[in-house]
Each structure stands twice: as structure tokens, then as C-alpha cells.
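Take a look at the structure below.
The values are calculated or read from the model by the stated rules, or taken from the named source; none is laboratory data. No experiment lies behind these values; they were computed from the predicted model shown. Here the Cβ positions follow ideal geometry from the backbone for every residue, glycine too, while neighbour counts run over all protein chains shown.
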Amino acid sequence: MSIYIKGIGVSKGIAIGEAFVLAREQLDATQTTLPQSELKTEIKRFQTALTLASKQLHDIKKKIAKNTADDIVVFIDTHLLMLEDPAFNEGTIANIKEHACNAEWALQMQGERLVQVFDEMEDPYLRTRKDDVLHVVKRIQKALVGNEETSENQSYKGKIIIADDLTPADTIMMQHQKVAGFITEYGGPLSHTAILARNLGIPAIVGLRHARQLIRHDETLIVDGLNGFTINSPDSKSLKYYRSVKRDESVKRNLLNSLSGQPTITLDKKQITLHGNIDRPADIKTIQKYDDTGVGLYRTEMLFIELNQWPDQDTHLKTYKRAVKKLNGKPLTIRTMDLGADKEIQDTIDHGPMAHNPAMGLRAIRRCLSEPQDFMPQLLAILRASAYGPVRILIPMLTNLEELDQVLALIEDAKNILKKKKITFDKSIPVGGMIEVPAAALAADAFAKKLDFLSIGTNDLIQYTLAIDRIDDEVNYLFDPLHPAVLKLIHMTIEAGRKAGIPVSMCGEMASDTQYTRLLLGMGLEYFSVQANALLEVKHIIIHSTLSNLQEGVERILLASDSGEIKNRVQQLVNLL
Ligand code: PEP
Ligand code: MG
């Protein structure tokens, strides 16, 4: 019998395939007491398993190193480091000796101890590292019983992955293995994992509670990543229907592909800028797969996360130069680091007790201004990268003008350092600010006077305006880009840019959603920075729109307070010929 289950669709597309249910790695060893005379052999057996586990990881690393995103390599390196860590091996050997027990049991005890240590950590990022501990324990346990099967040589090709949650590294690894789709029990549409899935073009559903109980391993599934539902064990009629939807999707995709390289101009000849968002230089390839265009948002924090520390100036520069070169003269908008909330690293700085509301805490530019000596290498590197092609600086999460003044002063300091050293850079490099805190939108006029451009970050702007945690699926029902308050703030920002004569872009997810393209055009938005896989769809709407036909409808939307009326009017814009 087919079953229909609903979650939150976060990455559109239809996937049809067999379910691959990822079990939480369980520690299921049993205790055996050994005579003292056998302990030495047991320790040797454990050490051999460690060597084998380490060899397996090195082999995987070699196998994937050539054509794989750096993330996967970092992911494997973390596990290798854990394998070599005395907390793992010496602790387990001590357990074998102390409890006169088998290696599996000693390892399980040690794993549980380490998991508990991570569990009790205040830092939310560090708490998530317990998953790495569990993975490493499982790998060694498999090696102890001579089972060489690992998740990395397990083939996920064409499968639909069902997991409780996925790290960005998991998501990337799965894309590398050509999975058909994925479903997680937790997470919201704006979690960075969901954003990554959209970027990678994998149909995905999150927040599908109890998915691992409701879906059987190997069961055939249809996943609708747009509407957020699955059909388990579909009947032949449903399969036939969704196969045809999938075919239609690919026909539509071919039509859209013909827009690649075409100018983005409305029917009444208004030139619109359409750029892509990236997390790392390698993502430029994905943008170029769709269109030969620039980058309106480069989220540099991924570099910090991958290194698990603040990078030095050379590492920043090497990375940004790579991006500039890949863009062949197209602009690169580098956003300074936005760590905090759901993007964290384990740095050595003592941040005191864990914040209760990290999204409202020492995040993004606030964190950079609190550590200016650590921020300076990034500013210097961005400036230096501007010698190789058009680069713009973008400052995230500005709240007040004092912060902006401090950043501008630091940028001046960085410029003076480079001038003194006779290092070239673009002296008039544009500096822009993200408008993603309601206070900044309300004060956009003042920000616009001091900046070269503004960029609206709707993911955070909606989170902070509506007081809903963007990664909490329990309040996801309140997430509403069409809330009149949100629309007013967006409109105020666009107007502020227009009055100051500076460009205003939108780089939040709202810009990638074609339901809103005409609304935004009618509000006067002239610059969209979107997910790579939305580039051609947004372009398709833009080039089939006439600005003068949108104005009246948009004015009515901005005056309306009833959400039903706003939705209907937005739909009318979508339906305009
Ligand atoms: C946003 O908030 O809309 C944005 C683009 O920034 P991020 O999603 O990285 O917080
Ligand atoms: Mg943001």
C-alpha cells in the first residue's frame, strides 16, 4: 500500500528511487572478560584495527582527492585526526588493561565517555562533533571484526537518503556519489544544509519527523522536493505520473538552458543584473554550468569552517584569487565572515557561557569587530584579490552606523598597510552592506549615504522581523516573505538605494524564488543574486516581464495588510502574460 508523508520541501525536483535509511551508528559491543595472559594480544588486536581503519580512510582520501570538493577531504581528515588522538587509542588500551575486557567493549566505553564530554560542551558546534566520535568508533569496531565495509565505499548512487540530520559534509559527499534525493527528520528551509542542497540541485525534504521509522530501507519512494512530500511504495499509476513529471522537468530544463548567455533585460528594455551565490570558489563552476555571470554573494565563512579556525592572510588570498580567476573578469562580491548561530567553528577564543540566542549574539560583523586583529587578514586579502579582477566587499549583519564606521576605518587601515608595502589593489573597491537586521532596513537611508551598494539578506531579515528562528522547523509555519512588515522593509531599502543613487541587490533566498521575481521587479529591484540552479528560471521570468505592467499591482500589494489579498495579488503578477 502506498503511503503519503509530508515534510518541508527545501530543494525542488522529483526524485524516484530506493530508500537508503541511515541508521544512527549504534555502539553495540558486548563485554567479554579476558584472562590477564590474553590482554597483550587484545591490545595488539586493537592496534591492528586502528591501523586498518586509518588505512581505509587514507585509501578513500586518495580515491576521491582529484575531483572532489575540499569539504570531503576535510571531513576525512577530522576522522583521521581522531584515530590518531591519544584520547581514543590510549584511553581504550587503558580500559582493556583496567577492566580485563575485549577491545570492542573497551572502545565502546571510551567512545561513550568522549560522546558525553562533547555532549556537555556549551559550544553548539562542539556538541555536534560527537557524531564524528561515533563514526570513528564504528569504523574501528568494524575493523576489529574484520568487516571492511564502510559508508564511503557503500554505493548511494540513485538512492534516496533518509537520515535524522545531515551535515553539510554529508550533503556534499552524497552529491559526489550521485544520490537521487534526501530526506531528514530535522532542519528548516533556511538551514545551511538546505541551502547547500538547493545549490547542488538535489531534491530534498527536511523536518519529516520519524522518517526513519515511516520509511523502510530499499522501499521505492517518490520525493517531491518542491511540495515537500514523499510517496512510499507508490502504485504503478503514481509511478507513471511522476516519471512523466520528471520528464517534463527535464524538457523545461532544456528550454531554460537555451537562455544561458542571453542578456537579462525586461520586455521594456530595463537591464537587470543577475548573479549567483557561492560558498566556495569551486561553486563558480556550478554557476557557469547555468550561466556565464558574476557572484553577488560569496559566503566566506565556509573557509573558516573547513579549517576550523580563522584563516591567515595567505590562505584567504589564495582562495579569493582562485575565485577571481575562475570568473574571468565577472564581478566577485566577497562577504566578510558571518560565523555564529548555525555556522560555528571551534576557535580558541573564550566566548564565555553559551549564548541563549546565538542568532542575535556575537555573529558576523559583530564578531569581526570584537577581534579586529583576526579580521584584518581577511580585509587585506580581499583588497589584494581586487588586483586580479573586479571585487566588491560586502559586510554582513550591520545594525548601526557606528559599526559601519568602524569597518570602514579598518578597511582604510588595510588600504594604508598595502600602500606602504606597495602592494597593488583596487583603490576604489566598492564596499556594500547587507540589510538583514530590521533596524538597518529602517535606517537604510543613512547606510546608503556611506556605502557603495546595499544587499538585502531576506533569510535573516525575515527571521529577525518575524522573530522566528530560521533553522527551527517548529516555527517554520510563521516564515512568510510576504508578511506586510517584511515587504515594507524591503521596499524601504530599495527606495533608500534609489534616492542615494546606489545599487540595491537581494541575495537572500527570496531572490531565488520565482513566485516573487515580478513582485521584486515591480518594487524596483534591479539586481538579483540567486542560487545557481535558479539563475535561468529567474532570468526566464525577468525577460518575460514588462516593468510598467507591474507597478500598479505592486502598489496595491504594498498598501494591503490582509495576507490572503497579498498572496492573491502576488499570484496575479505571476500569471501576467
Ligand atoms: C540572508 O540572510 O539572507 C543571507 C543571504 O545571508 P545568510 O543566509 O548567509 O545568513
Ligand atoms: Mg544572513
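A few notes on this one:
- Residue that is surrounded by the most Cβ atoms within 10 Å (Cβ to Cβ) [pool: residues in the stretch 485-496 that are under 25 Å from Val10 (Cβ atoms) and within 16 Å of ligand 2 (Cβ to nearest atom)]: Ile490
- Flag if Glu495 is under 17 Å from the mean Cα position of the chain (by Cα), more than 13 Å from Tyr290 (Cβ to Cβ) and acidic (Asp, Glu): no
- Residues (away from ligand 1 (no atom under 16 Å from the Cβ) and charged (D, E, K, R)) located in the stretch 307-343: Asp312, Asp314, Lys318, Lys321, Arg322, Lys325, Lys326, Lys330
- Scope the stretch 453-502; condition within 16 Å of ligand 1 (Cβ to nearest atom) and among the acidic types (Asp, Glu); matching residues: Asp460, Asp469, Asp472, Asp480
- Note on the stretch 282-315: among residues that are charged (D, E, K, R), at pLDDT 95 or above and buried (at least 18 other Cβ atoms within 10 Å of the Cβ), the one that is nearest to ligand 2 (Cβ to nearest atom) is Arg299.
- Checked against (1) modelled with pLDDT under 85; (2) outside any loop (DSSP other than H, G, I, E, B); (3) surrounded by fewer than 19 Cβ atoms within 10 Å (Cβ to Cβ), Ile72 passes all but condition (3).
- Among the residues of the stretch 448-463, the ones that are among the aliphatic types (A, V, I, L, M), in a helix (DSSP H, G or I) and more than 16 Å from ligand 2 (Cβ to nearest atom) come to 1 in all.
- Leading residue by the ranking (surrounded by the fewest Cβ atoms within 10 Å (Cβ to Cβ)) among those in the stretch 402-438 that are within 16 Å of ligand 1 (Cβ to nearest atom) and not in a loop (DSSP other than H, G, I, E, B): Pro438
- Within the stretch 257-281, tally of residues that are surrounded by 15 or more Cβ atoms within 10 Å (Cβ to Cβ) and within 22 Å of Ile542 (Cβ to Cβ): 12
- Members of the stretch 497-513 that are buried (at least 24 other Cβ atoms within 10 Å of the Cβ) and not polar (S, T, N, Q): Gly497, Val504, Met506, Cys507, Gly508, Glu509, Met510, Ala511
- Subset of the stretch 514-550 [aromatic (Phe, Trp, Tyr) and either surrounded by fewer than 19 Cβ atoms within 10 Å (Cβ to Cβ) or assigned to a helix (DSSP H, G or I) (or both)]: Tyr516
- Yes/no for Lys62 being modelled with pLDDT of 65 or more and more than 30 Å from Ser37 (Cα to Cα): yes
- Among the residues of the stretch 27-51, those that are assigned to a loop (DSSP other than H, G, I, E, B) and modelled with pLDDT of 90 or more comprise Thr32, Leu34, Pro35.
- For the stretch 275-293, the set of residues classified as of a type outside the set (Lys, Arg), in a loop (DSSP other than H, G, I, E, B) and in contact (Cβ under 8 Å) with a residue 40 or more places away in the chain consists of Asp279, Pro281, Ala282, Asp291, Thr293, listed by residue number.
- Verdict on Ala441 being within 16 Å of ligand 2 (Cβ to nearest atom), in contact with a Leu (Cβ under 6 Å, 6 or more places away or on another chain) and assigned to a helix (DSSP H, G or I): yes
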